[in-house]
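Everything below concerns the one structure shown next.
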Amino acid sequence: MKIRLENLKLSLDVPQEALLQAAAKKLNLKGQQIGDLKIRKKSLDARKKQDLKFVYTIDAELPDQVATKILHKHLPGVSKVEEALPPKLVRGDKQLAVPPIVIGAGPSGLFAALKLALLGYKPLVLERGKKVAERRKDITEFWTTGKLDLDSNMQFGEGGAGTYSDGKLTTRSKDPKVAEVLEYLVEAGAPPEITYIQKPHLGTDKLEKIVANLGAKITSLGGQIFFQAKVTDLIINHNRLEAIEVNQQYELPAQLVVLATGHSARDVFELLAKREVTLETKPFAMGVRIEHQQSFINKAQYGDFAEHPSLGAADYKLTYQSKQYQRGAYSFCMCPGGYVVACSSEKNTVVTNGMSEYARDSGLANSALVVTISPDDFPSPGPLGGIAFQRQWERKAFQLGGSNYHAPGQTVEDFLQDRPSSSLEGKVKPTYRPGLNPANLRESLPKEVGEVLQEALVDFNQKIKGFAQEDAVLTGVETRTSSPVRIVRSKDCTAHDHIGIYPVGEGAGYAGGIVSAAVDGLRAAEAIITNYGLPQKQHQLNFFADK
């Protein structure tokens, strides 16, 4: 019988192997009485800076008689493990003429395709960008020379925007599919620890390999993936999908599509509006990236344990509410030991984000500091008003940075004084490439956003003493925190009043991160599986010589 033990604590210097002894002590047993032991959760208790501890939840296999006696004692933090089998998917009976098409190879698209492939549906995946290895070359060239490929960049290509990020796998979702996503990632090459540590992450270096492995798994199961295959139109008749246009040249019959195009595929939103698919505005947040020395963040969070080898790079999470402006501000997508990166996907715009490798060892910590934006702020009515708002400030940042894809940068001291920086040569050496142009970032932000950020920096400086240090560096602008548009869908995951279109993930407005997007992709795939039988024939694809 399996029993669960919660709140087992080990000091930082105690090896993880000591969990067996800790469990035996808690249960008043000998170590050899405990069989298989599996870690379910590992977190850090940093409330007392002088006494940091790791806290574990484990499952232990015990002989039935021993386990029964222990459970009768009602020890705190000890319970029987109730393992519920996942519900079995039963294929539906609606006829499916050709395999489902998945548009987009980000987390939601890949996991939708993987689930469909595992159940025998042989999906066709169309991705506007390139394979991850070629995509990396295009991104590096952009960072080096400023030459932007509009379809192969930080937003588009195999793995989606999440591939070039810190690879955080934290989510607030309690959906059982979260565990399923993590197991698929481990199978594709992720370290097993992601299934139990409190704040799992993968880093770009591991994600590049993992997404390629996920694609290989899909194709091994009979699915097909085509790159540089941009969907340029949806042929809809009486609110029912009939076909799609690819690269403005080829028309492909389509009965079902999983629309997983991400929050930066603005041309897709425009296409959906043109085809009268129901869209609605959605709030998001925008702001800047802040960089500190990682050693400063480690000291602030871990005290005397700052450089302990068991801890790694520290993170933080900060929030603030402005009474004057009735807006929230918060840190977002914090990247310990990472880099601030150029993420433009349209000409003459500057967009920033954060990225880390798995080791998180750049020596600098960065995070977005963002302020809430509501549809009332948008310059034009209608569901695409948020896109117009984002473009407006991304273009201003481009101009302020020198009109060469350099970003505007500013020290925190100068930002608080509302004056342009003349130099960024302090202790913090900014990581953004192609480079920074010293400026006044307020010129690339709405007035209210700049004012709330000033208030927030003062507040954050009280919560983490020194956070607003004079030579911390701000880089602008961060606008792609989430989609400003939601594709309205019904309970069966289909677009409202449209048959055959399944909008999913961050771009559709139903997810916020790698794991939640992947879960949403699984959800749409299961909706298809439980409604439709296996496809009667394969797609006849004669227009791509290269997969």
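A few remarks follow.
- Of all residues in the range 159-215, those satisfying the criterion of being within 25 Å of ILE103 (Cβ to Cβ) and among the hydroxyl-bearing types (Ser, Thr, Tyr) are THR163, TYR164, SER165, THR171, SER173, TYR184, THR204.
- In summary, SER295 fulfils each of the numbered conditions (1) of a type in the set (Gly, Ala, Ser); (2) assigned to a loop (DSSP other than H, G, I, E, B); (3) open to solvent by 30 Å² or more (accessible area, probe 1.4 Å) with the single exception of condition (2).
- First in the range 283-310 and closer than 19 Å to SER362 by Cβ, second anywhere and basic (Lys, Arg), Cβ under 6 Å, 6 or more apart: ALA306/LYS299
- All told, GLN198 meets the bar of being modelled with pLDDT under 95, under 26 Å from GLY354 (Cα atoms) and in contact with a strand residue (DSSP E or B) (Cβ under 8 Å, 6 or more places away or on another chain).
- Considering the range 104-120, the residues that are touching a Gly at 6+ places or on another chain (Cβ under 8 Å) and in a loop (DSSP other than H, G, I, E, B) include one that is farthest from ALA517 (Cα to Cα), namely GLY120.
- Only listed residue being aliphatic (A, V, I, L, M), within 30 Å of ASP149 (Cα to Cα) and within 25 Å of the chain's Cα centre (by Cα), chosen from ALA314, ALA342: ALA342
- If you go through the range 431-452 and keep only what is of a type in the set (Gly, Ala, Ser) and either farther than 30 Å from GLU141 by Cβ or assigned to a helix (DSSP H, G or I) (or both), you end up with SER444, GLY450.
- Checking each residue of the range 153-165 against the condition of being under 30 Å from PRO253 (Cβ atoms), among the β-branched types (Val, Ile, Thr), open to solvent by less than 30 Å² (accessible area, probe 1.4 Å) and assigned to a helix (DSSP H, G or I) gives no match.
- Count - residues of the range 429-452 that are among the hydroxyl-bearing types (Ser, Thr, Tyr) and either under 22 Å from SER374 (Cβ atoms) or open to solvent by 50 Å² or more (accessible area, probe 1.4 Å) (or both): 1
- Qualifying residue in the range 406-428 (condition: among the hydroxyl-bearing types (Ser, Thr, Tyr), more than 24 Å from the chain's Cα centre (by Cα), open to solvent by 20 Å² or more (accessible area, probe 1.4 Å) and under 23 Å from THR281 (Cα atoms)): no
- The set of residues from the range 220-250 being assigned to a strand (DSSP E or B) and at pLDDT below 95 comprises just one member, TYR250.
- Of LEU182, LEU150, all but one fail to be open to solvent by 10 Å² or more (accessible area, probe 1.4 Å), assigned to a loop (DSSP other than H, G, I, E, B), modelled with pLDDT of 95 or more and of a type in the set (A, V, I, L, M); the exception is LEU150.
- The set of residues in the range 205-243 that are acidic (Asp, Glu) and open to solvent by 70 Å² or more (accessible area, probe 1.4 Å) contains only GLU242.
- Tabulated pairs, the range 25-42, first closer than 20 Å to THR195 by Cβ and touching a residue at least 24 places away in the same chain (Cβ under 8 Å), second open to solvent by 40 Å² or more (accessible area, probe 1.4 Å) and of a type in the set (A, V, I, L, M, F, W, C), C-beta under 9 angstrom, 6+ apart or interchain: LEU37/LEU20; ILE39/ILE197; LYS41/ILE197; LYS42/ILE197
- Subset of the range 254-271 [open to solvent by less than 20 Å² (accessible area, probe 1.4 Å) and under 24 Å from the mean Cα position of the chain (by Cα)]: VAL257, VAL258, LEU259, ALA260, SER264, ALA265, ARG266, VAL268, PHE269
- Pair list, Cβ under 6 Å, 6 or more apart: the range 402-415 residue over 26 Å from LYS147 (Cβ atoms), other residue in a loop (DSSP other than H, G, I, E, B) and modelled with pLDDT under 95: THR411/ASP471; GLU413/GLU470
- Boolean, GLY189 is within 22 Å of PRO253 (Cα to Cα), open to solvent by 20 Å² or more (accessible area, probe 1.4 Å) and not in a strand (DSSP E or B): no
- The sole residue among VAL477, VAL519, VAL515, VAL504 that is more than 22 Å from VAL181 (Cα to Cα) and either at pLDDT 95 or above or aromatic (Phe, Trp, Tyr) (or both) is VAL477.
- GLN321, sole failed condition from (1) free of Cβ contacts under 8 Å to residues at least 12 places away in the same chain; (2) within 22 Å of the chain's Cα centre (by Cα): (2)
The values are calculated or read from the model by the stated rules, or taken from the named source; none is laboratory data. Model, not experiment: these values are computed from the prediction. Every residue, glycine among them, receives a Cβ derived from its backbone with ideal geometry; neighbour counts consider all protein chains shown. With ligands, DNA and RNA removed, areas are computed over all heavy atoms of the protein, side chains included. Shrake-Rupley method; radii C 1.70, N 1.55, O 1.52, S 1.80 Å.
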